[in-house]
Amino acid sequence: MSSLEVIWSDLIRHRQDFANFHMREAFAQDPNRFDRYSTEMDGCLTLDYSRNRIDQKTMMLLENLITRAGVAERYAQMKSGVAINNTEGRSVLHIALRGSVDEDLVVDGQPIVADINAVKTRLYAFAKGVRDGSIAAHDGQPFTDVVNIGIGGSDLGPHMVARALAAYHDGPRVHFVSNVDGAHMGDTLKTLDPARTLFLVASKTFTTQETMTNARAAKLWLVAALGEAAVGDHFAALSTNKDAVEAFGIGADRMFEFWDWVGGRYSVWSAIGLPVMIAIGPDGFESFLAGARSMDSHFETAPFRRNIPMLMAALGLWYRNIWACSSVAVLPYDQRLEYFADFLQQLDMESNGKSVRTDGSKVLRPTGPVIWGAAGTNGQHAFYQELHQGSDITPCEFLIAAKPTDADAGQHDLLLANCLAQVEALALGRTAEEAKAQLEASGKSAQEVAALVPHKVFAGNRPSSLLFYDKLTPEMLGRLIALYEQKVFVQGVVWGVNSYDQWGVELGKELASKLAPAVQSGDRGDGDPAILDRLKAYRAL
Ligand SMILES: O=P(O)(O)OC[C@H]1O[C@](O)(CO)[C@@H](O)[C@@H]1O
């Protein structure tokens, strides 16, 4: 058995030590449990993981697992430009976009830091121009609205970030259209004036069916109102595919490139961040990058028990592989992080939702869990019932700021109280005695008490971690995203998968492209007859 498998076996055996574990007793017996199982970074971000089914031995075994899996070695390879995305023969260097690699790093013969800086200079100049009106619409007047057309990594990152940083917007309004459902574009355009609207076509490949269809729809809408001559002024492209951008009719001066070594779901730090640059300005974007850079350096240098991404990855492995938890709930108590779980869904599930290892052999144990969640307190009134009393155990990751971004009328105190109450309730639960006492105090008869007690008992002992941050600034958001990117990296290395390809998305894309002409023309073509017959039936409706 390999040394890694020995640690896995130790972890499986160690689970039995928790047969009688309850967080209630763990806290009662150890007044220092919070100090023992929490850590902070730069005085602005704390991870409290004390409400988990863990003890010192768990943490020691998980640290061994991560060390033996070669996480540090893999990260060194990633940083030096080794093509760790082996199925696509690509380096993985999104960390370079935030300045976390050597200045003189050369990839495929190119000094990439110089390339990054050159494109960033152009992006910032463009963003500034759009913001101050020096880059104007066809009629010479400033743009008031910017529509980003993209999907997946070319939408989720910038959309989530733009929403999260709403308090810092001082540029034109930004909108995001992703779905090929015409209602998405239609509803967005209804609110806009073509003369004042700039479109950013965001697509790494510039071939994605949804994005190209939506981009053509936007072009038709614009041309119908302003004429063909306006297209050059009202469109820009964010892509790695120069030829396709030119073929669409967007000039080289309006194309902002990025590179094959930036994965779609890791691309918000690149030209794909242009809508954010326009909304909050280049200085704000620099802070966003700086936050991510500080998380990268923390990840590389902090010892395991103080390393926030490592600890979160370790806990995820513990629950996924030893406790067979199939999902993780991400619960930001921050309305502006309402798209955070959607973003993490792609980041985590497209990265680690894999069944084969980098060498093509089958994975040995379950990999990436389902990631889901919603902003608190709304989630409390939707799915928390299941979190507290459902038959599955779902580890929860809570996020909350110490301070609100805007002054409020005391709402933030209530938000914080709700968040802490949930964390507490999940961990401690409510015993039958407590439920009984409460019911008796409310004047219920003995019969009613007996009938209600089973429903009022909360088992507790439900795991959660809490990320407590100072304030949702661009800098903090950069830290949080990089934290999750690094967490996903660590788990991918331990499972032995390639976290940077996404072949699982391809089959559906291929079939949709094949079926599209048949749907459009009604012709059976060479598609699956069963599907085509069903299409005919739909059409007849
Ligand atoms: O930026 P593109 O090339 O349009 O791709 C969009 C998205 O499509 C995917 O390939 C699959 O959803 C993602 O990895 C990517 O972020």
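The values are calculated or read from the model by the stated rules, or taken from the named source; none is laboratory data. Model, not experiment: these values are computed from the prediction. Glycine also receives a Cβ, built like all others from the backbone with ideal geometry; neighbour counts cover every protein chain displayed. Areas reflect the complete protein model, heavy atoms only, side chains present, ligands, DNA and RNA absent. Shrake-Rupley method; radii C 1.70, N 1.55, O 1.52, S 1.80 Å.
Can you tell me which residues in segment 9-26 are in a helix (DSSP H, G or I) and open to solvent by less than 60 Å² (accessible area, probe 1.4 Å)?
Passing the criteria: Ser9, Asp10, Leu11, His14, Phe18, Met23, Ala26.
Here is a check on your reading of the model: is Ser134 under 25 Å from the mean Cα position of the chain (by Cα) and hydroxyl-bearing (Ser, Thr, Tyr)?
Values: under 25 Å from the mean Cα position of the chain (by Cα): no; hydroxyl-bearing (Ser, Thr, Tyr): yes.
So Ser134 fails the test.
Would you be able to tell me the number of residues in segment 187-212 that are among the β-branched types (Val, Ile, Thr) and within 16 Å of the ligand (Cβ to nearest atom)?
The total comes to 5.
So is Trp269 over 31 Å from the mean Cα position of the chain (by Cα), assigned by TED's automatic domain parsing to the domain that holds Ile149, more than 13 Å from the ligand (Cβ to nearest atom) and among the aromatic types (Phe, Trp, Tyr) or not?
Considered against the rule, which asks whether it is over 31 Å from the mean Cα position of the chain (by Cα), assigned by TED's automatic domain parsing to the domain that holds Ile149, more than 13 Å from the ligand (Cβ to nearest atom) and among the aromatic types (Phe, Trp, Tyr), Trp269 comes out as no.
When you go through Phe304, Phe258 one by one, which is the residue that is hydrophobic (A, V, I, L, M, F, W, C) and out of contact with any Ser or Thr (no Cβ under 7 Å at 6 or more places or on another chain)?
Phe304 is the lone residue from the list that is hydrophobic (A, V, I, L, M, F, W, C) and out of contact with any Ser or Thr (no Cβ under 7 Å at 6 or more places or on another chain).
Collect the residues in segment 144-170 that are open to solvent by less than 30 Å² (accessible area, probe 1.4 Å), more than 14 Å from the chain's Cα centre (by Cα) and either more than 16 Å from the ligand (Cβ to nearest atom) or under 23 Å from Ala407 (Cβ atoms) (or both), keeping them in residue-number order.
Those that are open to solvent by less than 30 Å² (accessible area, probe 1.4 Å), more than 14 Å from the chain's Cα centre (by Cα) and either more than 16 Å from the ligand (Cβ to nearest atom) or under 23 Å from Ala407 (Cβ atoms) (or both): Asp145, Val146, Leu165.
Given the conditions (1) among the acidic types (Asp, Glu); (2) within 16 Å of the ligand (Cβ to nearest atom); (3) outside the structural domain of Ile393 (by TED's automatic domain parsing), and given that Asp296 satisfies all but one, which numbered condition is not satisfied?
(2)
Among the listed residues Ile393, Ile371, identify the single one that is assigned to a loop (DSSP other than H, G, I, E, B), assigned by TED's automatic domain parsing to the domain that holds Asn52, open to solvent by less than 70 Å² (accessible area, probe 1.4 Å) and of a type in the set (A, V, I, L, M, F, W, C).
Exactly one residue qualifies, and that residue is Ile393.
Which condition number in (1) touching a residue at least 24 places away in the same chain (Cβ under 8 Å); (2) on the phi < 0 side of the Ramachandran plot; (3) small (Gly, Ala, Ser) is the one that Ser355 fails?
In the conditions (1) touching a residue at least 24 places away in the same chain (Cβ under 8 Å); (2) on the phi < 0 side of the Ramachandran plot; (3) small (Gly, Ala, Ser), Ser355 misses (1) alone.
Which one of the conditions (1) open to solvent by less than 20 Å² (accessible area, probe 1.4 Å); (2) assigned to a helix (DSSP H, G or I) does Leu200 fail to meet, given that it meets all the rest?
(2)
So which residues in segment 349-361 are of a type outside the set (Gly, Ala, Ser) and closer than 15 Å to Asn321 by Cβ?
Asn352, Lys354, Arg357
Applying the selection to segment 463-478, what residues are within 20 Å of Leu416 (Cβ to Cβ), among the charged types (D, E, K, R) and open to solvent by less than 60 Å² (accessible area, probe 1.4 Å)?
Scanning segment 463-478 gives a single hit, Asp470.
Spot the failing condition for Lys487; the list is (1) in a strand (DSSP E or B); (2) crowded, with 24+ Cβ neighbours inside 10 Å, and only one is missed.
Lys487 satisfies all of (1) in a strand (DSSP E or B); (2) crowded, with 24+ Cβ neighbours inside 10 Å except (1).
Kindly indicate which of Ile278, Ile250 is touching a Leu at 6+ places or on another chain (Cβ under 9 Å), more than 14 Å from the ligand (Cβ to nearest atom) and in contact (Cβ under 8 Å) with a residue 24 or more places away in the chain.
Values: Ile250 fails: touching a Leu at 6+ places or on another chain (Cβ under 9 Å).
Residue meeting the stated conditions: Ile278.
Go through Ala230, Ala215, Ala244 for me and flag whichever is in contact (Cβ under 8 Å) with a residue 60 or more places away in the chain, assigned to a helix (DSSP H, G or I) and within 14 Å of the ligand (Cβ to nearest atom).
Ala215
State whether the residues of segment 432-448 include one that is part of a helix (DSSP H, G or I), aliphatic (A, V, I, L, M), surrounded by 13 or more Cβ atoms within 10 Å (Cβ to Cβ) and under 22 Å from the mean Cα position of the chain (by Cα).
No, because not a single residue in segment 432-448 is part of a helix (DSSP H, G or I), aliphatic (A, V, I, L, M), surrounded by 13 or more Cβ atoms within 10 Å (Cβ to Cβ) and under 22 Å from the mean Cα position of the chain (by Cα).
Condition test on Phe235, is it on the phi > 0 side of the Ramachandran plot and either buried (at least 20 other Cβ atoms within 10 Å of the Cβ) or within 15 Å of the ligand (Cβ to nearest atom) (or both)?
No.
Out of segment 345-365, which residues are more than 14 Å from the ligand (Cβ to nearest atom) and either in a loop (DSSP other than H, G, I, E, B) or buried (at least 18 other Cβ atoms within 10 Å of the Cβ) (or both)?
Those that are more than 14 Å from the ligand (Cβ to nearest atom) and either in a loop (DSSP other than H, G, I, E, B) or buried (at least 18 other Cβ atoms within 10 Å of the Cβ) (or both): Ser355, Arg357, Thr358, Asp359, Gly360, Ser361, Val363, Leu364, Arg365.
Give Phe258, Phe304, Phe288, Phe299 a once-over and let me know the one that is touching a residue at least 24 places away in the same chain (Cβ under 8 Å) and in contact with a strand residue (DSSP E or B) (Cβ under 8 Å, 6 or more places away or on another chain).
None of the other options fit; the residue is Phe258.
Within 16 Å of the ligand (Cβ to nearest atom) and assigned to a helix (DSSP H, G or I), is that true of Ala225?
Answer is no for this residue.
Looking only at segment 249-278, filter to residues that are farther than 25 Å from Asp348 by Cα, of a type in the set (A, V, I, L, M, F, W, C) and in contact with a Lys or Arg (Cβ under 8 Å, 6 or more places away or on another chain); which one of those is most open to solvent (accessible area, probe 1.4 Å)?
Taking the candidates together, the pick is Ala252.
State yes or no: is Ala183 small (Gly, Ala, Ser), more than 16 Å from the ligand (Cβ to nearest atom) and without any contact (Cβ under 8 Å) to a residue 40 or more places away in the chain?
On the way: small (Gly, Ala, Ser): yes; more than 16 Å from the ligand (Cβ to nearest atom): yes; without any contact (Cβ under 8 Å) to a residue 40 or more places away in the chain: yes.
Spelling it out, Ala183 is indeed small (Gly, Ala, Ser), more than 16 Å from the ligand (Cβ to nearest atom) and without any contact (Cβ under 8 Å) to a residue 40 or more places away in the chain.
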